[in-house]
1. Please count how many residues of region 285-300 are modelled with pLDDT of 80 or more and assigned to a helix (DSSP H, G or I).
2. Which one of these does residue 92 not meet: (1) buried (at least 20 other Cβ atoms within 10 Å of the Cβ); (2) not in a loop (DSSP other than H, G, I, E, B)?
3. Taking the stated definitions as given, is residue 98 within 30 Å of residue 8 (Cβ to Cβ), in a helix (DSSP H, G or I), in contact with a helix residue (DSSP H, G or I) (Cβ under 6 Å, 6 or more places away or on another chain) and modelled with pLDDT of 90 or more?
4. Could you list, in sequence order, the residues of region 1-17 that are modelled with pLDDT of 80 or more and surrounded by 12 or more Cβ atoms within 10 Å (Cβ to Cβ)?
5. Consider residue 112 against the criteria (1) in contact (Cβ under 8 Å) with a residue 40 or more places away in the chain; (2) assigned to a helix (DSSP H, G or I); (3) surrounded by fewer than 14 Cβ atoms within 10 Å (Cβ to Cβ): it satisfies all of them except one. Which criterion is unmet?
6. Quick one: residue 320 ticks every box in (1) modelled with pLDDT of 75 or more; (2) assigned to a loop (DSSP other than H, G, I, E, B); (3) loosely packed, with under 13 Cβ neighbours inside 10 Å bar one, so which box is it?
């Protein structure tokens, strides 16, 4: 929301304009009626001619029909009509006072140029007070004005009357100023609340869309990790079984057993993933066969699929938060899958799990064929991207590059401070 000086009240709608027209017509009719009543009382010895009535009362009331569209011009015209009625003896004091108050209030409530709103009201008020003071001074020297009221002394009855008139007019113009400002500030506060409400709703919609996008990314990453790993194993073993089924049936049977086991594991992990999607608070969100404690299983699967692999653990093992535990496990899983897919026949893999005072690290290296980073990193780009997203989500980093002596290396590291901030722990 813009600051006070920059906020602009919206233009009045047709309903407001119709209401203003109705008010102007009503005040014009009321002023004519009260003027006739005042004239009937005989309070005015020499009332103004009829055409002065029409000009004075018309200027004082009819411009209010457009008071919210042109606040300052309307206030000036109404003030002129007020002056005509008072100066030339139009017998009306009630409705013209109401009209002038309404016009000055409208300037404060609707004039968008706030400096103009302030100075126009101050100017009109000062001019009216000066006119009143001059009128009182002139009347004080006229013996036929206010007969029977003493004029002698600074605390005379006439002086008291003059002070009352000035105080009354100050309160009159001050009240119009105060209520106009209050209306403007109330409209501004309402607009601010509505704008904040719209911003909050937009933020809520954006957050909801981001949450859906993040969920889709997480699901895609999980499916990629599960499917890519197990399907690559099944593909390699199925090919081995096809090639050896004629000359070495026993080897073909062993390969098919690996295919069967990989398929079973894939189905189990997919069921766990579906269970998490259906019931995010259930135990399926924390499968017990995923984590750095089960890296030996991944290494064994790699060996059984035809890619020799070893596991080396360095440092004193310590509990790892669940999010970090799963992220490191998935990095190793994806890296071994990439070794099987891209390193070539005869490649060997080495998995290192390090527990240092400052971080928990995994390093997967191989001695396969030398290929460009884009070829080895992740075929379609999803593998390395998924690694970085997972490790980045727990405050760690992932590097992937060729080795100088051939092969490829992937290293993921999560600082201890980031691990401590992962509040979701793996159940005991």
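1. Keep residues of region 285-300 that are modelled with pLDDT of 80 or more, which gives 291-300.
Checking the rest, the ones that are also assigned to a helix (DSSP H, G or I) come to 292-300.
Result for region 285-300: 9.
2. The number of the failed condition is (2).
3. On the way: within 30 Å of residue 8 (Cβ to Cβ): yes; in a helix (DSSP H, G or I): yes; in contact with a helix residue (DSSP H, G or I) (Cβ under 6 Å, 6 or more places away or on another chain): no; modelled with pLDDT of 90 or more: yes.
No, not satisfied.
4. Listed by number, the residues that qualify are 12, 16, 17.
5. Failing condition for residue 112: (2).
6. (3)
Okay, residues lined up against (1) surrounded by fewer than 16 Cβ atoms within 10 Å (Cβ to Cβ); (2) within 22 Å of residue 131 (Cβ to Cβ); (3) touching a residue at least 12 places away in the same chain (Cβ under 8 Å):
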| residue | (1), (2), (3) |
| --- | --- |
| 19 | yes, no, no |
| 23 | no, no, yes |
| 28 | no, no, yes |
| 40 | yes, no, no |
| 48 | no, yes, yes |
| 51 | yes, no, no |
| 66 | no, no, yes |
| 72 | no, yes, yes |
| 82 | no, yes, yes |
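Matching residues to (1) over 26 Å from residue 112 (Cα atoms); (2) within 57 Å of the chain's Cα centre (by Cα); (3) in a helix (DSSP H, G or I):
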site: 9; (1), (2), (3): no, yes, no
site: 18; (1), (2), (3): no, yes, yes
site: 29; (1), (2), (3): yes, yes, yes
site: 43; (1), (2), (3): yes, no, no
site: 52; (1), (2), (3): yes, no, yes
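The values are calculated or read from the model by the stated rules, or taken from the named source; none is laboratory data. The model shown is predicted, which means the values in this text are computed figures rather than measured ones. In this analysis, Cβ positions are derived from the backbone assuming ideal geometry, glycine residues included, and neighbour counts consider all displayed protein chains.
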